[in-house]
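K.L.:
Below is one structure. I have some questions about it.
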Amino acid sequence: YHPDKQSADVPAGTMEECIQKFIEIDQAWKILGNEVTKKEYDLQRLVDHTFSISCRCGGTYSVSKEEAEEVTLVSCD
């Protein structure tokens, strides 16, 4: 996907797609190649896979995506 590695006869739309893919790969490499930003990325992925709802007790009920797929949930109302 590197722009310098593309041949000159590649259609413009394909070249734009390759450039966009290269930018995405470069951003991922920069995030995952840095210990601090990788930890932040890993934590965000955990948050993204958790569903939360306010409970009538005033707390929060949270369930992971995996738990939601394994268990039938029934409302407390």
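K.L.:
Could you work out the relative contact order of region 3-70? I mean the mean sequence separation of Cα pairs under 8 Å and 6+ apart, divided by the number of residues, in percent.
P.N.:
16
K.L.:
Still on this structure, please answer the following. Rounded, prolate or oblate: which one fits region 3-70, using the alpha carbon gyration tensor with axes a ≥ b ≥ c (rounded when a/c is under 1.5, else prolate when a/b beats b/c, else oblate)?
P.N.:
Prolate shape, in that a/c is at least 1.5 and a/b is the bigger ratio.
Throughout, read-outs are computed from the coordinates displayed, never taken from laboratory work. In this text the structure is predicted, and so the values were computed from the model without any measurement.
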